[in-house]
Amino acid sequence: MLLTPGVPLQGHGDGFARAAFLGLLLASLAILGGALAFQFIGGLHPCALCLWQRYPYAAVIGLAGIGAGLARAGVKRPQLAILMGLCAAAFLIDAGIAGFHVGVEQKWWEGLSTCSGTTGGAASTEELLSKLLAAPVIRCDEIAWSMFGISMAGYNFLLALALGLLSLRLTSIFLRTPPP
């Protein structure tokens with residue numbers, strides 16, 4: 001079975017570890033791809049906090065890709081646990097950012113100064129006015145899209161938290177279970 005600990009995937013290295021990393025990689029690609037689709041196809045421009053929530057997924061894509069390659073090459077689980085732990089940390093950091101963003105959207109607390117627009121380094125009043133009129137102001141405290149009363153930041157919080165907890169569980173498995 002593909003996701004059974006100790007069963008190799010295609011006879012190369014630790015199949016369970018490789019499948020775990022590939023699962024996180026695909027989940028991160030799907031979530032980041034969804035955010036980009038909302039932006040470029042749906043026309044929903046991200047605010048500063050929305051952009052910050054993308055960085056941990058990019059980090060996990062890199063870490064999980066490296067982890068899958070190392071698992072295939074036969075690197076042992078205790079070493080792979082370090083990469084899985086870093087994936088868990090990235091997801092949990094993302095959940096923290098998303099949770100903060102939900103609080104800003106719900107007006108539980110104020111957002112960052114970057115959440116309300118910027119002067120863009122204008123040198124003169126005319127240049128500032130021109131930049132302000134040309135650039136869309138995307139505020140962090142306004143919900144651009146929601147479904148069933150949950151905003152994109154709310155869904156991201158739930159996804160990142162679930163993936164972070166899953167990654168922590170996988171880290172625990174890697175540390176406790178001897179490789180095949």
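Output wanted: per-residue J couplings in Hz (rounded whole) for the stretch 20-28, from phi through Karplus 6.51 cos²θ - 1.76 cosθ + 1.60, θ = phi - 60°, x for Gly and Pro.
Karplus values, whole Hz, x for Gly and Pro: 4, 5, 5, x, 5, 4, 5, 4, 5.
For a quick check: with amide H placed at 1.01 Å from N, whose amide H comes under 5 Å from Lys76's, ignoring anything fewer than 5 positions away on the same chain?
So Lys76 has HN proximity to no qualifying residue.
Across the stretch 60-69, in residue order, what do the Karplus-derived ³J(HN,Hα) couplings come to in whole Hz, using 6.51 cos²θ - 1.76 cosθ + 1.60 with θ = phi - 60° and x for Gly and Pro?
5, 4, x, 5, 5, x, 5, x, 5, x
Using the Karplus curve 6.51 cos²θ - 1.76 cosθ + 1.60 with θ = phi - 60°, what ³J(HN,Hα) values do you get for each residue of the stretch 29-41, in whole Hz, with x for Gly and Pro?
My calculation for the stretch 29-41 gives 4, 5, 5, 5, x, x, 4, 5, 5, 4, 6, 8, 9 Hz in order.
Using 0.36 nm per residue, how much length does the chain from Leu36 to Leu175 gain when fully extended, once their Cα-Cα distance is taken away?
Working: separation 139, 0.36 × 139 = 50.04 nm, distance 3.51 nm.
Once the chain is fully extended between Leu36 and Leu175, it gains 46.5 nm.
Bear in mind that the values in this text are calculations on the coordinates, not laboratory data. These figures come from a predicted structure and were not determined experimentally.
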